[in-house]
Amino acid sequence: MDKKIRLLVACHKACEVPSDPVYLPVHVGAAGKDDIGFQRDDDGEGISEKNPLYCELTGLYWAWKNLDYDYLGLVHYRRYFTLKNKKYQKEHGKMNSVLTTEETEKLLADHKVIVPKRRKYYIESCYSHYAHTFDGKQFDLAREIIEEKYPAFLDDFDRFMKQDTCWLFNMFIMNRQLTDQYLHWLFDILTELEKRYDTAGMTDFEKRYVGRVSERLFNVWLIHQIRTGYIARKDVFEVPYLYMGEIDWKRKVISFVKAKFLHQKYDKSF
């Protein structure tokens, strides 16, 4: 494939990153911070200063406005796409198991959109899970904005909120045309959401709501493209992802149960 593919690695600190040249480590929230040796998201047009709310999206916005690419993707310093099985990962190491340039080119030769494997909530809908763990008002305001600005997406928003599966982490790989259409839509909604949602009294963890809402809005956008026939379902391919660190599953399960039945919100990441 004679196309320029750039997979952003969202990083907020110095860390190990893949050596494959398809990856571009980006220091997200770099504004006012010391250099860590990665591409800064405050170099050129950007919204780096909004990182406390937008999380990895400040790196994505920088790439959208400043980077030359034919295909753009986003992963994280702790989460990467992979086609390698658990045995391979154990034998060769996780960093040597991330999606390669060759694998990415082969996937994009057959599919238009690469997404991570969907998460299933089982006893929750996408809306109820978020409302129990964070603040459902954030989704309610997003719905109002979509109804005003993009009413054609409203049924897709409602359909998604009733589902029990979703694509998370703002991870994807798409061509420039689709990326441009998606990000125009997304940032228009998020900019308005900022104006309508009051963050006074919120913790730093809670203030990351814009990034969390955007994860779900990607689903709304993609569901709409599939429903309207702009993107065929067969052109969307789910790829497993690997986590570089260790997840505290015990605390995660306990926190989920407390949020569901005792109405205790999440107060930190897992």
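No lab work stands behind these numbers, since they all come straight from the coordinates. Being a predicted model, the structure only gives us computed values, none of them experimental. Note that each Cβ is placed from the backbone with ideal geometry, even for glycine, and that neighbours are counted across all protein chains shown.
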Chymotrypsin sites (Phe, Trp or Tyr not before Pro) restricted to region 34-111 and DSSP loop, no more than 14 other C-beta within 10 Å: none
Residue of PHE205, PHE160, PHE169 that the Gaussian network model of the chain assigns the largest fluctuation, springs spanning Cα pairs under 10 Å: PHE205
Of the GluC sites (Glu not before Pro) in region 144-249, those whose Cβ has at most 10 other Cβ within 10 Å and which sit in DSSP loop: GLU246
When each of LYS3/LYS112; LYS94/LYS234; LYS87/LYS117; LYS137/LYS195; LYS3/LYS106; LYS13/LYS117 is checked by Cα-Cα distance, pairs over 21 Å: LYS94/LYS234; LYS13/LYS117
For the chain, built as a Gaussian network whose Cα springs stay under 10 Å, the top-fluctuating residue of VAL236, VAL115, VAL26: VAL236
Stokes-Einstein D for the chain, Kirkwood Rh over Cα pairs, 25 °C, 0.890 mPa s (µm²/s): 127 µm²/s
Exposure rule at most 12 other beta-carbon atoms within 10 Å, DSSP loop trypsin sites (Lys or Arg not before Pro): the chain longest free segment: 14-267
Beta bridge orientation in the chain: antiparallel %, DSSP, nearest 5: 40 percent
For region 1-58 versus region 159-206, the gap between their alpha-carbon centres in whole angstrom: 18 Å
